[in-house]
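> Handing you a structure now.
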Amino acid sequence: MHQTFDAALGIDLLHANQAGADHNRTHFDEWGITCFNVMSSPGAGKTALLERTLAGLTPDLKIAVIEGDMTTELDADRLRRYNVPVIAINTGRSCHLDAKMVAGGIHRLAHEYDPTEFDLVLVENVGNLVCPAEFEVGEHAKVALLSITEGEDKPLKYPVMFQEADCLLITKMDLAPHLDVDLNQIIANVRQMNPHVAIIPVSAKTGEGLNVWFDWVRAHSRGKAFAKSL
């Protein structure tokens, strides 16, 4: 009885969240905005990647950021230095952003700016390899990060994140020469979970792979009907 109730409760929560995510996506589509949900474990380099992304793409795209963290605005403050709107959301005890939280961020963005001026909203989710992949927030694509330091087994141990990803960035490639990690095995394990995901090895420190990532962002953020093309 207890297990049945827990399962039903989980289904109800996901169903309610999905309705909210669909509502958020409707706003993005009406405004002509593409939204990417950026997810990873803590410390995989999401904020560093977004710093390089804002520096490299803001001449071409008008970008806003919804920054999720359990506490503090430390990461949000790092991104504000790039002169883009950054809406900070503290989740408290929650290990992920959900559609309702992001809806609050969207409404704040629309209150302070003309949302139709933006091309792209980047949602930096809370560092966690489990929950963020389960709860959509209205995104048109999921971008997952896996640092080379995390080893080969993470795609097999946390499959949902990699099954759901549209693009996977293998980060911190500058550290690869110092690690006993097989990049080809990481890629093979990811492909076992998701044969179609785009995989891009990058280093925010050296710039390796960033142009490939920028090209992926440009290609997937120009069409306002991007959600229909996935």
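None of the figures in this text is laboratory data; all of them are computed from the coordinates on show. Quick caveat: nothing in here was measured; it's all calculated off a predicted structure. Positions of Cβ are generated from backbone atoms using ideal geometry, with glycine treated the same way; all protein chains shown enter the neighbour counts.
> If I ask for residues that are of a type outside the set (A, V, I, L, M) and surrounded by 18 or more Cβ atoms within 10 Å (Cβ to Cβ), which ones from the stretch 181-207 would you list?
Initial filter on the stretch 181-207 (of a type outside the set (A, V, I, L, M)): 182, 184-185, 189, 191-192, 194-196, 201, 203, 205-207.
Passing the criteria: 189, 194, 201, 203.
> Picking from 88, 64, which residue would you name as being in contact with a strand residue (DSSP E or B) (Cβ under 7 Å, 6 or more places away or on another chain), without any contact (Cβ under 8 Å) to a residue 40 or more places away in the chain and part of a strand (DSSP E or B)? Step through it out loud before you land on a result.
Details: 64 fails: without any contact (Cβ under 8 Å) to a residue 40 or more places away in the chain.
Just one listed residue meets the conditions, 88.
> Here's something else I'd like to know. Has the stretch 154-166 got any residue that is in contact with a helix residue (DSSP H, G or I) (Cβ under 7 Å, 6 or more places away or on another chain) and not in a helix (DSSP H, G or I)?
Scanning the stretch 154-166 turns up no residue that is in contact with a helix residue (DSSP H, G or I) (Cβ under 7 Å, 6 or more places away or on another chain) and not in a helix (DSSP H, G or I).
> Another one. For the stretch 124-143, what are the residues that are under 21 Å from residue 29 (Cα atoms) and either in contact with a helix residue (DSSP H, G or I) (Cβ under 8 Å, 6 or more places away or on another chain) or part of a loop (DSSP other than H, G, I, E, B) (or both)?
Passing the criteria: 124, 125, 135, 136, 137, 138, 139, 140, 141, 142.
> Kindly provide the set of residues from the stretch 32-56 that are out of contact with any Asp or Glu (no Cβ under 9 Å at 6 or more places or on another chain) and more than 16 Å from residue 146 (Cβ to Cβ), ordered by number.
51, 52, 53, 54, 55, 56, listed by residue number.
> Looking only at the stretch 127-180, count every residue that is surrounded by fewer than 17 Cβ atoms within 10 Å (Cβ to Cβ), over 16 Å from the mean Cα position of the chain (by Cα) and under 18 Å from residue 46 (Cβ atoms) and tell me the total.
3
> Then there's this: Quickly run through the stretch 106-123 and pick out the residues that are in contact with a strand residue (DSSP E or B) (Cβ under 7 Å, 6 or more places away or on another chain), over 20 Å from residue 14 (Cα atoms) and either surrounded by 22 or more Cβ atoms within 10 Å (Cβ to Cβ) or not charged (D, E, K, R) (or both).
109, 118, 120, 121, 122
> Please go through the stretch 204-218 and pick out each residue that is more than 17 Å from the chain's Cα centre (by Cα) and outside any helix (DSSP H, G or I).
Selection gives 205, 206, 207, 208, 209.
> Identify, by number, the condition in (1) touching a residue at least 24 places away in the same chain (Cβ under 8 Å); (2) outside any strand (DSSP E or B); (3) surrounded by 15 or more Cβ atoms within 10 Å (Cβ to Cβ) that residue 35 doesn't meet.
(2)
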